[in-house]
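The values are calculated or read from the model by the stated rules, or taken from the named source; none is laboratory data. For clarity, every value in this text was computed on a predicted model and none was experimentally measured. Cβ atoms come from the backbone with ideal geometry, glycine included; neighbour counts cover every protein chain shown.
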Amino acid sequence: MLREIVFDTETTGLDAYRGDRLIEIGCVELVNRIPTGQTFHRYVNPERDVPAGAFAIHGLSSDFLKDKPLFAEVAHDLLAFIADAPLIAHNAAFDLGFLNAELERIALPQIARARLIDTLLLARRKYPGGQNRLDDLCSRFGIDNSRRTKHGALLDAELLAEVYLELIEARQAQLGLETATAAPVVATTSIAAPRTRAVVLLPLLTNEERAAHREFLATLGPQAVWLDYLKPAEIEPGPGDVTKAAG
């Protein structure tokens, strides 16, 4: 079983080691490249103000976050949910940087970069020179992102899960499987009676061709498998069978 976690974060800014903090995390579980419906979502009190520029992006205000749990209160549940699964994110180093900074603050082990799958890098390799923001990729793949009026960690993780499956072409494989299994063959015990032609078709072989074929088969010996398909009258002894036929 392949278990993967697609995740996204929202933050107060761009630098996890210069005072900016994580304020939201959303995770979506995939098993064998199929969303299971299992998610993890928490808002986090950053213990600081939310700058206007960040608020304009995600709409999470200091007032909204002030009664939310601290990261230390959600960390163990988060780590239990992601377990040892590969982690998929868009511009993954950014999200992992904030997640590891928060883990470091509460003296918990950091998450290895080797676990990351970066959909931004996947998109750049697949569409070099193209626009590869999450909204751009949703448009490219026909994924409905109309609810995404602002950034939100869980919604973005859900959209990214769809984008990821398109990037690795897993969705096409699933659709092919669904198409192949959508209309199963139904067994039936009724057998149609054989049809006969009103006019019998004439054989295409000439008598000369039949004679040449029999002569060739005679050279193969009495054990030739092709003799099983001839009528007894058509079987002639081969050169090796002359003695046996004469005796």
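Going residue by residue through the stretch 50-70, is there one that turns out to be among the small types (Gly, Ala, Ser) and part of a loop (DSSP other than H, G, I, E, B)? It would help to see each step written out before you state the result.
Looking only at the stretch 50-70, we keep the residues that are among the small types (Gly, Ala, Ser), and these are 52-54, 56, 59, 61-62.
Of the ones still in play, those that are also part of a loop (DSSP other than H, G, I, E, B) are 59, 61.
Scanning the stretch 50-70 turns up at least one residue that is among the small types (Gly, Ala, Ser) and part of a loop (DSSP other than H, G, I, E, B).
What residue, of Ala93, Ala80, Ala72, is without any contact (Cβ under 8 Å) to a residue 24 or more places away in the chain, surrounded by fewer than 17 Cβ atoms within 10 Å (Cβ to Cβ) and of a type in the set (Gly, Ala, Ser)?
On the way: Ala93 fails: without any contact (Cβ under 8 Å) to a residue 24 or more places away in the chain; Ala72 fails: without any contact (Cβ under 8 Å) to a residue 24 or more places away in the chain.
None of the other options fit; the residue is Ala80.
Restricting the search to the stretch 21-34, which residues are surrounded by 20 or more Cβ atoms within 10 Å (Cβ to Cβ) and not in a strand (DSSP E or B)?
Scanning the stretch 21-34 gives a single hit, Arg21.
Scan the stretch 35-42 and tell me whether some residue there is surrounded by fewer than 18 Cβ atoms within 10 Å (Cβ to Cβ), assigned to a loop (DSSP other than H, G, I, E, B) and assigned by TED's automatic domain parsing to the domain that holds Leu154.
No.
On the given criteria, is Ala107 small (Gly, Ala, Ser), under 26 Å from the mean Cα position of the chain (by Cα) and at pLDDT 65 or above?
No: the conditions fail for Ala107.
Yes or no, residue by residue, for (1) within 22 Å of the chain's Cα centre (by Cα); (2) within 13 Å of Arg21 (Cα to Cα):
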position	(1), (2)
Leu78	no, no
Ala83	yes, no
Ala89	yes, no
Phe94	no, yes
Phe98	no, yes
Leu120	yes, no
Arg124	yes, no
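Would you confirm, using the coordinates I've provided, whether Arg124 is over 17 Å from Leu154 (Cα atoms) and either touching a His at 6+ places or on another chain (Cβ under 7 Å) or part of a helix (DSSP H, G or I) (or both)?
Considered against the rule, which asks whether it is over 17 Å from Leu154 (Cα atoms) and either touching a His at 6+ places or on another chain (Cβ under 7 Å) or part of a helix (DSSP H, G or I) (or both), Arg124 comes out as yes.
Any residue in the stretch 58-69 that is of a type outside the set (Gly, Ala, Ser), in contact with a Lys or Arg (Cβ under 7 Å, 6 or more places away or on another chain), closer than 26 Å to Gln131 by Cβ and touching a residue at least 24 places away in the same chain (Cβ under 8 Å)?
Scanning the stretch 58-69 turns up at least one residue that is of a type outside the set (Gly, Ala, Ser), in contact with a Lys or Arg (Cβ under 7 Å, 6 or more places away or on another chain), closer than 26 Å to Gln131 by Cβ and touching a residue at least 24 places away in the same chain (Cβ under 8 Å).
Tell me which residues, restricted to the stretch 119-161, are hydrophobic (A, V, I, L, M, F, W, C) and touching a strand residue (DSSP E or B) at 6+ places or on another chain (Cβ under 6 Å). Don't jump to the end; show me each part of the working.
Filtering the stretch 119-161 for residues hydrophobic (A, V, I, L, M, F, W, C) gives 120-123, 134, 137-138, 141, 143, 153-155, 157, 159-161.
If the condition is that a residue be hydrophobic (A, V, I, L, M, F, W, C) and touching a strand residue (DSSP E or B) at 6+ places or on another chain (Cβ under 6 Å), then Ala153, Leu154, Ala157, Leu160, Ala161 are the ones that fit.
Could you tell me which of the residues Ile117, Ile111 is surrounded by 15 or more Cβ atoms within 10 Å (Cβ to Cβ) and either free of Cβ contacts under 8 Å to residues at least 12 places away in the same chain or part of a strand (DSSP E or B) (or both)?
Of the residues listed, the single one that is surrounded by 15 or more Cβ atoms within 10 Å (Cβ to Cβ) and either free of Cβ contacts under 8 Å to residues at least 12 places away in the same chain or part of a strand (DSSP E or B) (or both) is Ile117.
Any residue in the stretch 129-140 that's farther than 16 Å from Arg171 by Cα: show its pairings with residues that are at pLDDT 95 or above and of a type in the set (Lys, Arg) at Cβ separation under 6 Å, as long as the two are six or more apart or on different chains.
Cβ pairs passing all conditions: Asn132/Arg124.
Any residue in the stretch 3-13 that is within 17 Å of Leu155 (Cβ to Cβ), modelled with pLDDT of 95 or more, surrounded by 18 or more Cβ atoms within 10 Å (Cβ to Cβ) and polar (S, T, N, Q)?
Among the residues of the stretch 3-13, at least one is within 17 Å of Leu155 (Cβ to Cβ), modelled with pLDDT of 95 or more, surrounded by 18 or more Cβ atoms within 10 Å (Cβ to Cβ) and polar (S, T, N, Q), which makes the answer yes.
Can you tell me how many residues in the stretch 127-165 are assigned to a helix (DSSP H, G or I) and either among the charged types (D, E, K, R) or surrounded by 17 or more Cβ atoms within 10 Å (Cβ to Cβ) (or both)?
Selection size over the stretch 127-165: 19.
Taking Tyr17 and the conditions (1) part of a loop (DSSP other than H, G, I, E, B); (2) surrounded by 14 or more Cβ atoms within 10 Å (Cβ to Cβ); (3) hydroxyl-bearing (Ser, Thr, Tyr), which numbered condition does it fall short on, given that it satisfies the others?
Here Tyr17 clears every test but (2).
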